[in-house]
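Okay, so here's the structure we're looking at.
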Amino acid sequence: MEERRLGVARLRLERRPVNGPPVEPGRRAGLETPHRQREFALDRAFPSLNDRLVILVDAADADSADRFLARLDSEIRARPEALDAPFAPAISPYFLRNGLLYRDDAELDSLLARMTRAGPLLATLAAEPSLSAYFASLAEGVADADRIAGGEEALTRALAETRATIDARLAGSSRPVAFSRLFAEDDAPVRRILTVTPRLDFSELQPARPARKALAAAIAAADPARDGVRVQVTGDTAMRSEELGSVAQGIGFSLAFSLVALSALLWFAFRNLRLSVLALSIVFIANAVAAAFAALTFEALNLVSMAFAVLLTGVGADFAVHFILHARQPGATAGEAMRRLGPALLLCAASTIFGFLAFVPTPFQGMAQLGFIGAVGVMAAFIATLFVIPAGLALVPPAPLPGSDGPGPLGRLPQRPLLILGLALLAGAALLAPQARFETDPMALRDPDSPAVRAFSSLFDEKDTRPYSASVLVANEAEAEALATRLAALPEVDRVVTPWRLLPGEAAVYRRDAIDAVAYGLLPQLDGGEPPVVTANGLQRLRAALAAHPRAGGAELATSLDRLAAAGARDPALFASVERDVLANWPATLDRLRQSLSPDPEPGIDDLPPELLGRYLASDGQVRVEVVPSADLRDAQARAAFIAAVRQVAPEAAGPVFNIEASGRIVERAMLTATFTALLACGLLLLAVERNVWRTLATLAPILAACLLTLGGSVLFQIPFNYANVIALPMLIGAGIDSAIHMAAHPPERGGASVTARAIVITALTTITSFGSLIFSAHQGVSSIGALLLIALASTTFAALVLEPPLLRLVSRFEARGPRRKAPVP
């Protein structure tokens, strides 16, 4: 129990980039929000809390776990260049001596009673550690179990443990006797926790890579298979390292998939290899320019800004597709297409650039980076289209494109039923949109199947190892204890930890008396002397006792003993192997018993392990008060209740849960700011070009409808907004408005609706396919970007093709009935 309370390092869950130094929402270009200022103060006072790796060791019994843990601790200490300050309460000398003082009174009484019942066996082995002595002591226990309170239960455990060890050796494997099971209340598996500080190398793409490689080597050298233990590594450093690999792999796959899908769609659109390659070249130019700009401008990217390559693959070819389709209409030329399409392309480029730049003013680092990179990439794609496409068309023999003289997609679609469907979808989306939510927990973004995330999630299974907590910095002991008393009274708080509350407390006086009473009778026996029982012929004595006194599990052990005797007659070395298995854990068990029965007279704060005390008492005297919640704070409602309760008592509290809540608000505001900025910029741009309020509103209406459909889709498909996919709505406006602009520039009454609609469908398919490919990423944040952008762009295309034409016709009829107006500037 004391290990679960004291051994888990505070796991930092902060919105950091997946590579590079920490940069979070609320700290960009000198901007520091109050919650970040409190967190920086905490980091400065307790730097050892940062970037801690947590190793979880799961074993069938405490003997196996502690045996492996001791070897692992030694291997880690042999690698000081990469790993520092390993700490595991289970093998800490302080807790080996004083661990019993931390037990609950009822738990301590039960444990001491089990030690007393095992006294004869322990005393016998202390005097004569041999297989015969072990069997002889068990024989005495079989005969006397009825005369000892709880003796039958204790004996059943000992018989079962002995039989398992013998059967394993007879089967050709080793299974040492776990003496810890003789003192345990049940046979439940045990978990040990070791924490270690990695030395990060920021010259590497993954700063934690050297430390993680060193830790992996230490674990391998400690040989988990030797003790049958399972080892997991977690902590924010481990999760961020795996996250970087997941994001990089996912982005790489999405980019490759996007390029393949884009090539196939271009071939389907043009049925001409040269034209397909020509359009594809714009994508490569845009990505190359954007990547060069990113490399020269930013020290590191994060999981949002890393998606620029896939996004530019989706939007980079749009200008080229429209240009080529218009230039290859029957009787058209590149020059004519330039004159006819140029204003619309310029307007689309400007609106998309404004859409990306809308990310820049936000305090979210990833969105700001994406805004700059995306804007540069779109500008490069537009300029390349104006110069590369006309030159390339001159090298391609003129030929009509397939379907260029047909009615186009709009001509084949049943307009009235689709319009009714669109209105129905809008009505449904309006009902669902208020339920849209923002997921503030960054764990929702990570790959749930990654080893570090699985291990982290398992910490929530035990109340005492849940990693989310709050911290408050105070100046001295008096302030710490006064605050701790007020916080501990809150129903949302399970316990409060201060340096002085790490000590066993006043109850230790009474617990020490109980320990001393048992130690008075048991310690002299553990120091050796004459065996309290006759140890000769132990196997025969045990076999006879089992026959004379039937016990639970006795018949099974008797069978195993008979098999051992028969096999030992053929191979005398077998008894030596069984003896090694029986006594493998005995020296460590004897040492632990001696230490645990000799606690420190009055443990003081200076006696605490420095690795533990350093987490709560700073070198300058500041004190960290840790507030541990009573509920699982992965639940948003429980998290909000905990934050509100702690804030009432300690408004200056900091920690992971406060970062989650505050950063969530920052990113939500960033999303709204970027969305409205993009909408306003695009609207003003359209108004300046059209010089007609009604036509501007008719062009913007499909975008507003698509926003509503996207909100409804996020609720319907259970894709909440998060730190990664918040780019969806601003991207919808910046990139999605292109279809509405092209439809407004070439409405049905102006002619050219067929080629424009065809271009809109093709560019929509290329963009949706490219953005949607992000769904395949194992990283949940990147995958959600693809899912939400797919919904957003599908909604935009549907709205532009189905909802915008009727609106434009209404505007035309309205203008025809009114006084003659000045023609809009093309």
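The values are calculated or read from the model by the stated rules, or taken from the named source; none is laboratory data. This is a predicted model, so every value here is computed, not measured. Here Cβ is always computed from backbone atoms with ideal geometry, including for glycine, and neighbour counts include all displayed protein chains. The accessibility values were calculated without ligands, DNA or RNA, using every heavy atom of the protein model including side chains. Shrake-Rupley method; radii C 1.70, N 1.55, O 1.52, S 1.80 Å.
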Expressed as a rounded percentage, what relative contact order does the chain have, with Cα pairs under 8 Å and six or more residues apart? 24 percent
Using 0.36 nm times the number of residues separating Thr297 and Phe438, minus their current alpha carbon distance, what extension gain do you get? 47.7 nm
Using a Förster distance of 56 angstrom, determine the FRET efficiency expected from the C-beta separation of Phe676 and Leu523, and round it to 0.05. 0.15
What dipole magnitude, in Debye to the nearest 20, does the chain give about its Cα centre under +1 on Lys/Arg Cβ and -1 on Asp/Glu Cβ? 4620 debye
Could you compute Rg(Cα) / (2.2 N^0.38 Å) for segment 233-275, with N its residue count? 1.90
For segment 560-633, what is the accessible area per residue in Å², given a 1.4 Å probe and the full set of protein chains? 44 Å²
When the Karplus curve 6.51 cos²θ - 1.76 cosθ + 1.60 is applied with θ = phi - 60°, which whole-Hz ³J(HN,Hα) does each residue of segment 636-650 get, with x for Gly and Pro? 4, 5, 5, 5, 5, 5, 5, 4, 5, 5, 5, 5, 5, 8, 9
Here segment 82-94 yields Karplus 3J(HN,Hα) values (6.51, -1.76, 1.60; θ = phi - 60°; whole Hz; Gly and Pro given as x) of 10, 10, 9, 6, x, 8, 9, x, 4, 10, 6, x, 4
Mean Cβ neighbour count within 10 Å, used as a protection proxy, ranking 341-347, 585-591 highest first: 341-347, 585-591
Over the alpha-carbon set of segment 483-551, divide Rg by the Kirkwood Rh and report the Rg/Rh ratio to two decimals. 1.36
Percent carbon-and-sulfur accessible area, segment 465-526, ignoring ligands, DNA and RNA, probe 1.4 Å: 57 percent
Assign one of three labels to segment 532-592, namely rounded, prolate or oblate, based on the Cα gyration tensor with a ≥ b ≥ c the square roots of its eigenvalues; rounded applies when a/c is under 1.5, prolate when it is not and a/b is larger than b/c, and oblate otherwise. oblate
Honestly segment 100-145 on the Cα gyration tensor test (a ≥ b ≥ c root eigenvalues; a/c under 1.5 rounded, otherwise a/b vs b/c for prolate or oblate) is just oblate
Compute the Cα gyration tensor for segment 220-361, then decide on rounded, prolate or oblate, letting a ≥ b ≥ c be the square roots of its eigenvalues: rounded whenever a/c is under 1.5, prolate when a/b is larger than b/c in the other cases, and oblate in all that remain. prolate
4 °C / 1.567 mPa s Stokes-Einstein diffusion coefficient of segment 142-224, Kirkwood radius on C-alpha pairs, µm²/s: 76 µm²/s
Where does the Debye-calculated log10 I(q)/I(0) of segment 84-164 sit at q = 0.13 Å⁻¹, using only Cα point scatterers of equal weight, no solvent? -0.56
Quick one: which residues, 5+ away or cross-chain, put their amide H under 5 Å from the amide H of Arg495? H built at 1.01 Å from N. Val628
If each Cα of segment 590-632 is one equal point scatterer, what is log10 of I(q)/I(0) from the Debye formula at q = 0.16 Å⁻¹? -0.68
Based on the alpha-carbon gyration tensor of segment 685-795, what equivalent-ellipsoid semi-axes (square roots of 5 times the eigenvalues) come out, in whole Å, largest first? 28, 16, 10
If the label point is 7 Å along Cα→Cβ of Phe717, which residues in segment 793-808 have backbone nitrogen under 14 Å from it? 793-798
Starting from the eigenvalues of the Cα gyration tensor, five times each then square-rooted, give me the equivalent ellipsoid semi-axes of segment 665-747, largest first, whole Å. 26, 14, 9
Ratio to report: Rg/Rh of the chain, with Cα atoms as the point set and Rh obtained by the Kirkwood method; give two decimals. 1.14
Charge dipole magnitude, Cβ of K and R +1, D and E -1 - segment 544-695, Cα centre, debye nearest 20: 840 debye
Quick P(r) readout (segment 452-523; Cα-Cα; 10 Å bins; whole %) gives 15, 31, 27, 22, 6
For helix 318-327, what angle does its Cα long axis make with the longest principal axis of the chain, in degrees from 0 to 90 and rounded to 10? 30 degrees
Can you work out the Karplus-derived ³J(HN,Hα) for every residue in segment 506-519? Use 6.51 cos²θ - 1.76 cosθ + 1.60 with θ = phi - 60°, whole Hz, and x for glycine or proline. 5, 5, 4, 4, 6, 5, 5, 4, 5, 5, 4, 5, 6, 4
